[in-house]
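The values are calculated or read from the model by the stated rules, or taken from the named source; none is laboratory data. Everything quoted here is computed from the prediction, not taken from an experiment. For neighbour counting, all protein chains shown are included, and Cβ atoms are generated from backbone atoms with ideal geometry for every residue, glycine included. These area figures cover heavy atoms from the full protein model, side chains too; ligands, DNA and RNA do not enter into them. Shrake-Rupley method; radii C 1.70, N 1.55, O 1.52, S 1.80 Å.
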Amino acid sequence: MKHLWQRDSLTRWVSLFLTGVTLSLTIAACTGGGTAGNSNASSANGSSSAAKEVELTLVSFAVTRAAHEQIIPKFIEKWKQEHNQTVTFNQSYAGSGSQTRAVIDGLEADVVHLALALDTEKIEKAGLIEPGWENEAPNNAIVSKSVAALVTREGNPKGIKDWADLTKEGVSVITANPKTSGGARWNFLALWGAITRTGGDDGKAQEFTTNVFKNVPVLPKDAREASDVFFKQGQGDVLINYENEVILAGLNGEKLPYVIPEVNISIDNPIAVVDKNVDKHGTREVAEAFVQFLYTPEAQREFAKLGFRPVDPTVGEETANKFTKLKTLFTAQDLGGWDSIQKQFFDDGAIFDKVQADTKK
């Protein structure tokens, strides 16, 4: 059995490597007082020996890495104390769309934490996640959230204060391509909702977004590449980004000037257990426990420290002063939900393609 387990583990590691995603292995370590905790767990389990080690694979979008690296050791310690079992994590971080494709193509994730529900739904449609996953975790399975931010050059020389300023002549806007980037879809919806959620109709919203995209010189394939265009290549006057990204940059010593528009979209990130994989691996119990742990105040505080707006109300109150207050906050559901959004805006021939065509006139 030991050799079979080792071979299965090796196969999964190689699968991760071959998909070309970033992989790191977090190993559980015993902490002070662990002996007493193990003794209690052994007594509760009616066994004097530790249970077999269990391995989980977490696949998430890139900007969650810093938070998960703080949260995972806390969960490992808690599980060890309560179950006398060691958990190890394979962690893979990349763009949400890339991660979605990797899981569908064979990356055996036990848990996926993605940038938008549309990506999770794609994994569901591939037969890996059972329908109704939104009801398997609190808050409709939304575990982290953010809003859109406008990052400017030092001193904000173009006077960017709100979405309307992105249409000004001479303002160069950097955002990724909504056809290929989940983050860019949020950006586009933020622009659209800035009009439709404040009294404007779809016609005015399309005119406005077209005028913004006339000021977009390039369309990088994902949010990370868009950031490189803005920061490393020095293109653009303003970058549409996640609020949590600019907060994290500040924590890392990069004080980025930015504006949070008072009319904004709630960038909601879902969590889900990958049913087919956890049943194959025999990891359902620990995977579901990890998902539930992400909603605890302890875990939500870590998300908040690193710039995500917490979904736990208590932590939300504790950290309210950390985040810019908003006048109007709308959601993807307010815009019809992701199935409708994809068809209306991002399918071939839909509104974004029309916006792109209009920018060339």
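The lone criterion from (1) basic (Lys, Arg); (2) more than 30 Å from PHE330 (Cβ to Cβ); (3) part of a loop (DSSP other than H, G, I, E, B) left unmet by LYS255 is number (2). For GLU225, the conditions (1) surrounded by 24 or more Cβ atoms within 10 Å (Cβ to Cβ); (2) closer than 26 Å to LEU306 by Cβ all hold with the exception of (1). All of (1) on the phi > 0 side of the Ramachandran plot; (2) open to solvent by less than 60 Å² (accessible area, probe 1.4 Å) hold for GLY199 with one exception: (2).
Among the residues of the range 198-232, the one identified as of a type in the set (S, T, N, Q) and closer than 21 Å to TYR93 by Cβ is SER227. Within the range 292-315, residues that are β-branched (Val, Ile, Thr) reach partners that are modelled with pLDDT of 95 or more and open to solvent by less than 10 Å² (accessible area, probe 1.4 Å) with beta carbons closer than 6 Å, at six or more positions or on different chains, in the pairs VAL315/GLN300; VAL315/ALA304. Here is the figure for the range 177-196: residues that are open to solvent by 30 Å² or more (accessible area, probe 1.4 Å), touching a residue at least 40 places away in the same chain (Cβ under 8 Å) and either at positive phi or in a helix (DSSP H, G or I) (or both) total 1. Counting only helices (runs of 4 or more DSSP H) wholly contained in the range 58-162, the ones carrying 1 or more residues that are open to solvent by 40 Å² or more (accessible area, probe 1.4 Å), in contact with a helix residue (DSSP H, G or I) (Cβ under 9 Å, 6 or more places away or on another chain) and within 22 Å of ASP347 (Cβ to Cβ) occupy 96-104, 117-125. Test LYS327 against the stated conditions and say whether it is of a type in the set (D, E, K, R) and within 22 Å of LYS122 (Cβ to Cβ). It is false that LYS327 is of a type in the set (D, E, K, R) and within 22 Å of LYS122 (Cβ to Cβ). Of the residues contained in the range 173-186, none is found to be modelled with pLDDT of 95 or more and small (Gly, Ala, Ser). A search for C-beta distances below 9 Å between a residue of the range 225-253 that is basic (Lys, Arg) and modelled with pLDDT of 95 or more and any residue that is part of a loop (DSSP other than H, G, I, E, B) and open to solvent by 10 Å² or more (accessible area, probe 1.4 Å), counting only pairs 6+ apart in sequence or on different chains, returns nothing. Restricting the range 338-361 to residues that are farther than 19 Å from ILE195 by Cβ and open to solvent by less than 40 Å² (accessible area, probe 1.4 Å), the residue that is nearest to the chain's Cα centre (by Cα) is TRP338. The set of residues in the range 173-203 being polar (S, T, N, Q) and farther than 16 Å from ASN269 by Cα consists of THR175, ASN177, THR180, THR196, THR198. Counted as qualifying within the range 259-337 are the helices (runs of 4 or more DSSP H) with 3 or more residues that are surrounded by 14 or more Cβ atoms within 10 Å (Cβ to Cβ) and over 20 Å from the mean Cα position of the chain (by Cα), namely 275-281.
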